[in-house]
Amino acid sequence: MERLPGFRDFYPEPLPHKDVWSADARQYIFGKWRDAARRYGFREYDGPPLEPLELFTTKSGDEIVGQLYNFTDKGERAVALRPEMTPTLARMIAAHERAYKKPIKWFAVPQLFRYERQQKGRLREHFQLNADIFGETDVAADAELIALLIDTLRSFGLTAEDFVIRLSSRNAWQEFYERGARNTERRMESEYQFFQVIDKLERTPKEESEQKLVALGFSLTEVNRFIEAGEPTPELKAILGNLLARGLGDFVKVDYHVIRGLAYYTGPVFEAFDRKGEFRAIAGGGRYDNLVKLISGGKVNLPALGFGMGDVVLLELLKARGLLPKFDAAVDVFVLIEDETSRLRSLKLIQDLRAAGLAVEYSLTPAKPDKQFKRAQELKAAHTAKVENDAKVRIRNLNTRAELVSSASDAVKHFV
């Protein structure tokens, strides 16, 4: 029986082979994500992995259904496994925003599911750091969110030589389009088509992009000139100034290639990329001021912004840069039970050591002393401890080979 395509098994290190994923690395990433978010004053939330299908079609349209794991449940409800967290968050915020002082700063580490073609950096499930701010219109919130993204990546040992935040603005592109738009009869349709072309500009042959732009009344030359000039709007200047004041200016640049969700984002948008261009975007986000109003049917209207950072690309990047620590299954103490008459007293010592917060292992069944010691070495135990016949405890440091003898009541003190 094999796992489904696009899904992952997570094993403790050392891994049995290269085609499985490390549970230790996953927990390491989760820990860094949570630590960074909490340092910025974000509170953790969560929601159900199964939601009404309508929640996602309301946000993204019916075309998203082809990318979902969706079905009709036993209650005849159309449901889907969550492909993203933001619609769930918007639903939660709309329901109880009055219970929280603004701005609301929340984060989550959900597992997300999409039924789509597998490729490098993209699977059918992944874990993601989501960080969002609700109830603040000032671009100081945008800068705060980008600073969190930068510091989260820095916490893994990545530097300004490893990644860059490409900052853009939907408002800047909207102004560009309105200055050059010539087809007023089908304006909404041509506007969507224009942004589709811009969104795929870096992945589409120049001739194809030129042809599509000309059909909409634009030229590739004027589009490229706008991108290359990279003239920041007032909102982007304020964000850049805020980040520069924090000493984070080297991590961010204006890049109008970035445009992101066409019917979703409403202001500044950004993506994090590795400087060498070896991977997909590490993270992405921006301002989406209309989502809560949309999800609540107009009952609640709160400005919002956020970003998501997936674990798949991040893990690939950390591996490539040699920034993952070694995940040894080391224990603090291995308690040797060489004489079965001491097992009950040894169990008391084991319980006391674990109660003190130490990782402790021992042989569950009778075993020869040399086999127990070998097991202690396999587990990379820092110490061994042995209850002797006089009820004293002999403690040995396996790194220095130093030994000491302690009373049972004082044994814990030698480890904490």
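Taking Pro48, Pro268, Pro303 in turn, the Gaussian network model of the chain (Cα-Cα springs below 10 Å) assigns the largest fluctuation to Pro48. Considering only Val335, Val223, Val79, the Gaussian network model of the chain with Cα springs below 10 Å gives its largest mean-square fluctuation to Val335.
Based on the alpha-carbon set only, what is the convex hull volume of the chain divided per residue, in Å³? About 213 Å³ per residue, rounded to a whole number. Accessible area per residue was computed with a 1.4 Å probe on protein heavy atoms; Val292 scores about 0 Å².
Calculated mean residue ellipticity at 222 nm for the chain: -10500 deg cm²/dmol, from DSSP H runs with n ≥ 4 weighted as -39500 (n - 2.57), summed, divided by the residue count and rounded to 500. Working note: Cα gyration tensor of the range 119-159, eigenvalues times five, square-rooted, sorted largest first, giving semi-axes of 25, 16, 8 Å. If the chain linking Gln111 and Lys200 were pulled fully straight, counting 0.36 nm for each residue of separation and taking away their Cα-Cα distance, it would gain 29.3 nm.
Can you tell me what share of the DSSP beta bridges in the chain is antiparallel? A percent to the nearest 5 is fine. In the chain, approximately 75 percent of DSSP beta bridges are antiparallel ones. Select from Ile146, Ile133, Ile64 the residue whose mean-square fluctuation is largest in a Gaussian network model of the chain (Cα-Cα springs shorter than 10 Å). Evaluated over the chain, the most mobile residue of the options is Ile64.
The 1.4 Å probe gives accessible areas that order Glu361, Glu144, Glu2, Glu228, largest first, as Glu2, Glu228, Glu361, Glu144. Take every DSSP beta bridge whose two residues both sit in the range 304-416; close to 55 percent of them are antiparallel.
Rg/Rh for the range 185-304 to two decimals, with Rh computed the Kirkwood way over all alpha-carbon pairs. That ratio equals 1.00. Are any of the pairs Lys120/Lys212; Lys237/Lys299; Lys32/Lys299; Lys120/Lys200; Lys120/Lys319 more than 26 Å apart by Cα-Cα distance, and if so, which? Check vs 26 Å cut-off fails for Lys120/Lys212; Lys237/Lys299; Lys32/Lys299.
Angle check, please: helix 234-245 long axis (alpha carbons) against the longest principal axis of the chain (alpha carbons), in degrees 0 to 90, nearest 10. Once rounded, the angle reads 30 degrees. Compute the angle between helix 187-199 and the longest alpha-carbon principal axis of the chain, please, reported from 0 to 90 degrees and rounded to the nearest 10. Taking Cα atoms only, the helix is inclined about 40 degrees.
At full extension, Arg39 and Leu398 could sit 125.6 nm farther apart than now, given 0.36 nm per residue minus the alpha carbon distance.
Here the chain exposes an accessible surface that is 50 percent carbon and sulfur, computed with a 1.4 Å probe and the other protein chains kept in place. Only one residue of Ile282, Pro49, Gln211 has its Cα farthest out toward the positive end of the dipole of the chain, where Lys and Arg carry +1 and Asp and Glu -1 on Cβ, and that residue is Pro49. Once the 1.4 Å probe is applied to the protein heavy atoms, the range 50-150 comes out at 46 Å² accessible per residue. Distance from the Cα centroid of the range 140-168 to that of the range 353-416 is 44 Å (rounded to whole angstrom). Percent of C-alpha pairs per 5 Å bin in the range 331-416, short distances first: 3, 16, 30, 29, 19, 4.
In this structure, Asp410 and Asp370 have a Cβ-Cβ separation that, at R0 = 25 Å, corresponds to a calculated FRET efficiency of about 0.30.
Shape class of the range 1-54 from the Cα gyration tensor (axes a ≥ b ≥ c, square roots of the eigenvalues): oblate, since a/c reaches 1.5 or more and a/b does not exceed b/c.
In degrees from 0 to 90, rounded to the nearest 10, what is the angle of the helix 343-355 Cα long axis to the longest principal axis of the chain? With rounding to tens, the tilt is 30 degrees.
Among the protein heavy atoms, those of Ser409 account for about 100 Å² of accessible surface (1.4 Å probe, every chain in place). In summary, the aspartates and glutamates within cross-link reach of Lys293, defined as a Cα separation below 20 angstrom excluding same-chain residues under 8 places away, comprise Glu51, Glu54, Asp62, Glu84, Glu97, Asp132, Glu136, Asp138, Asp142. For the range 62-146, the square roots of the Cα gyration tensor eigenvalues, ordered a ≥ b ≥ c, give a/c of at least 1.5 with a/b no greater than b/c, which places it in the oblate category. Taken as Cα centroids, the range 303-317 and the range 282-298 sit 16 Å apart, rounded to the nearest whole angstrom.
The values are calculated or read from the model by the stated rules, or taken from the named source; none is laboratory data. Note that the structure is a prediction, hence the values are computed from the model and not measured. Cβ coordinates were reconstructed from backbone atoms using ideal geometry, including for glycine residues, and neighbour counts include every protein chain displayed. Surface areas here come from the heavy atoms of the whole protein model, side chains and all, with no ligands, DNA or RNA. Shrake-Rupley method; radii C 1.70, N 1.55, O 1.52, S 1.80 Å.
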